[in-house]
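Data block below; observations after.
Every read-out reported here was derived from the displayed coordinates using simple, explicitly stated rules and does not represent laboratory data. Worth saying up front: this structure is predicted, and the values here are computed from it rather than measured. Note that each Cβ is placed from the backbone with ideal geometry, even for glycine, and that neighbours are counted across all protein chains shown.
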Number of protein chains: 2
Amino acid sequence: MDNSSSSGGRFFFGVLFTISELLMFGSLSLFVYWVMWHDTGFAWSKNRNEQFNLHAILMIIGFIFLNGQSMLVYKLLHQCRKIYVKIIHTIIFVCSISAITIGMVAAIQAQQTVPPGSSVRHFYSLHSWVGLVAAGLFALQFVVGFVSFLILLCCDKATSSFRAKLLPTHVTFGLVIYSLAVVASISGLLQVARGRLNGKEGKPNYKEFEESTIIINAVGCCMIGLAIILPYIIRNCGQRRHHHLPSGYHVN
Amino acid sequence: MDNSSSSGGRFFFGVLFTISELLMFGSLSLFVYWVMWHDTGFAWSKNRNEQFNLHAILMIIGFIFLNGQSMLVYKLLHQCRKIYVKIIHTIIFVCSISAITIGMVAAIQAQQTVPPGSSVRHFYSLHSWVGLVAAGLFALQFVVGFVSFLILLCCDKATSSFRAKLLPTHVTFGLVIYSLAVVASISGLLQVARGRLNGKEGKPNYKEFEESTIIINAVGCCMIGLAIILPYIIRNCGQRRHHHLPSGYHVN
């Protein structure tokens with residue numbers, strides 16, 4: 001339910017904000033723990049698995065952790081001067097795009113290290129397609145947002161109506177990109193679990209529900225939690241300026 | 001960008017509505033085609049793969065197709081009497097929940113048909129966890145929505161303020177559930193692709209990009225398209241009643 005800026009509303013926002021921070025730090029730290037203690041670690045190396053682990057960590061940092069922080073910063077700092085919030089939002093976005101770009105390069109390079117006799121194939125899986133769409137939309141969102149909400153401030157009055165019209169789309173696409181990032185991350189985690197926890201050569205079996213399975217699933221659960229809480233915080237929680245029913249919806 | 005109820009806005013809504021219908025029918029028919037012509041078909045039988053195919057089809061019908069239609073009906077029929085639209089929305093929801101329930105039973109039963117010597121394991125994978133969360137939220141959304149927006153109409157005036165407050169949350173959770181449904185569906189498709197298109201016993205290899213791979217990925221692409229277009233239609237497109245910036249966002 002909607003929460004206005006009453007003290008109860010602020011407390012509720014604080015609780016949800018804390019939970020989402022825990023989920024973001026949780027997904028990242030649990031995955032790093034899994035990579036270090038249940039897998040072979042991560043490195044930019046000729047070891048395919050290690051480099052794929054690096055890819056996964058960078059993608060979780062870029063798409064889940066930093067992307068989430070950049071959205072939350074607007075809700076957290078709503079009383080600060082808007083231009084400062086925008087600049088922080090942009091800086092986190094730049095860090096996020098950097099992590100995603102390096103993560104993509106790591107995956108492409110890791111894909112080239114195949115066993116002798118096998119052929120190299122790039123971007124054939126649904127996981128990579130979702131990731132590509134999410135990264136493409138993320139880059140587009142950054143360019144459009146940067147030009148519209150920062151560059152166009154140079155002619156503030158002339159462009160304010162355009163920016164007001166663009167903002168709801170910017171917010172919707174931000175949440176869409178986050179949901180696609182969760183699709184890509186969870187499908188990637190599932191590939192890792194199915195591929196590596198196969199019960200062969202002394203490895204645990206994904207089905208047997210040992211610590212390795214629980215941690216992988218817990219990382220996924222953090223992301224599911226974020227896919228539920230973040231849209232709620234952005235759309236329905238905290239400081240209220242407008243009675244924001246989506247277009248066409250009206251109560252009777 | 002936002003579209004008011006101008007003729008241009010209506011045309012734009014029509015285009016997006018047509019695309020989303022194509023994507024919903026496309027995901028379902030392409031997957032049925034894949035099951036019939038590239039796999040062993042579907043049946044409620046002792047054949048594990050056939051029953052999992054039935055599970056997948058029922059889940060796509062319930063979570064992607066009918067769930068999408070029930071959300072779009074509000075935007076399409078915004079000029080009809082609200083109570084009729086609510087009833088249609090509810091009927092489609094009931095069909096959707098029925099398909100999802102039967103689909104879940106099909107999966108649980110199929111999971112029990114394991115090769116001799118193997119142990120039966122239920123709900124161990126991340127795919128099943130996401131599916132469970134999505135189905136749980138879907139059931140909750142249905143119960144809360146049914147009670148609040150239909151039953152409470154019996155004391156219309158006394159509850160209108162409560163319903164007005166609940167509506168934005170109902171809409172947000174509708175879109176959250178749809179995004180979780182896409183996560184579950186795409187991770188499920190990827191499991192099917194990795195598990196069955198393994199290049200063994202004359203089966204195609206997922207990596208080799210033959211027709212079987214392309215169709216599975218095309219089903220996933222339809223779902224990605226829906227995860228992008230549906231939130232945009234619901235939030236930013238068509239008949240506009242309110243200037244629906246999310247809470248706390250304001251242009252300057």
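Does B:S161 satisfy the criteria of being within 22 Å of A:I229 (Cα to Cα) and either buried (at least 18 other Cβ atoms within 10 Å of the Cβ) or more than 8 Å from chain A (Cβ to nearest Cβ) (or both)?
no
Which of the residues that make up region A:184-224 are loosely packed, with under 14 Cβ neighbours inside 10 Å and within 9 Å of chain B (Cβ to nearest Cβ)?
Answer for region A:184-224, where residues must be loosely packed, with under 14 Cβ neighbours inside 10 Å and within 9 Å of chain B (Cβ to nearest Cβ): A:G195, A:E208.
Scan region A:69-94 residue by residue and report those that are in a helix (DSSP H, G or I) and over 23 Å from A:I229 (Cα atoms).
Selection gives A:K82, A:I83, A:Y84, A:I87, A:I91, A:V94.
Restricting attention to region B:61-89, report how many residues are at the interface with another protein chain (Cβ under 10 Å from one of its Cβ atoms) and in contact with a Cys (Cβ under 9 Å, 6 or more places away or on another chain).
Within region B:61-89, residues that are at the interface with another protein chain (Cβ under 10 Å from one of its Cβ atoms) and in contact with a Cys (Cβ under 9 Å, 6 or more places away or on another chain) number 1.
All but one of (1) out of contact with any Lys or Arg (no Cβ under 8 Å at 6 or more places or on another chain); (2) surrounded by fewer than 22 Cβ atoms within 10 Å (Cβ to Cβ) hold for A:R121; which doesn't?
Going through (1) out of contact with any Lys or Arg (no Cβ under 8 Å at 6 or more places or on another chain); (2) surrounded by fewer than 22 Cβ atoms within 10 Å (Cβ to Cβ) one by one, A:R121 breaks only (1).
Which residues, counting only those in region A:8-67, are within 25 Å of A:F209 (Cβ to Cβ) and either β-branched (V, I, T) or touching a strand residue (DSSP E or B) at 6+ places or on another chain (Cβ under 6 Å) (or both)?
A:V32, A:V35, A:T40, A:I57, A:I60, A:I64
Quick check on region A:145-158: of everything there that is surrounded by 13 or more Cβ atoms within 10 Å (Cβ to Cβ) and of a type in the set (G, A, S), which residue is nearest to A:F93 (Cα to Cα)?
A:G145
A:A181 is checked against (1) surrounded by fewer than 21 Cβ atoms within 10 Å (Cβ to Cβ); (2) under 22 Å from A:L137 (Cα atoms); (3) more than 10 Å from chain B (Cβ to nearest Cβ) and fails just one. What number does that condition carry?
A:A181 satisfies all of (1) surrounded by fewer than 21 Cβ atoms within 10 Å (Cβ to Cβ); (2) under 22 Å from A:L137 (Cα atoms); (3) more than 10 Å from chain B (Cβ to nearest Cβ) except (1).
Exactly one of these conditions fails for A:V15: (1) surrounded by fewer than 17 Cβ atoms within 10 Å (Cβ to Cβ); (2) of a type in the set (A, V, I, L, M, F, W, C); (3) closer than 21 Å to A:R235 by Cβ; (4) within 16 Å of the chain's Cα centre (by Cα). Give me its number.
So A:V15 meets the others, but not (4).
Scan region B:127-138 and give yes if some residue there is surrounded by fewer than 17 Cβ atoms within 10 Å (Cβ to Cβ) and within 19 Å of the chain's Cα centre (by Cα), otherwise no.
The answer is yes; a qualifying residue exists.
Considering only residues that are acidic (D, E) and in contact (Cβ under 8 Å) with a residue 40 or more places away in the chain, which ones fall in region B:28-52?
B:D39 - this is the single residue of region B:28-52 that is acidic (D, E) and in contact (Cβ under 8 Å) with a residue 40 or more places away in the chain.
Filter region B:225-234 down to the residues that are touching a residue at least 60 places away in the same chain (Cβ under 8 Å) and of a type outside the set (A, V, I, L, M, F, W, C), then identify the one that is surrounded by the most Cβ atoms within 10 Å (Cβ to Cβ).
Step by step, filter region B:225-234, then rank; the result is B:G225.
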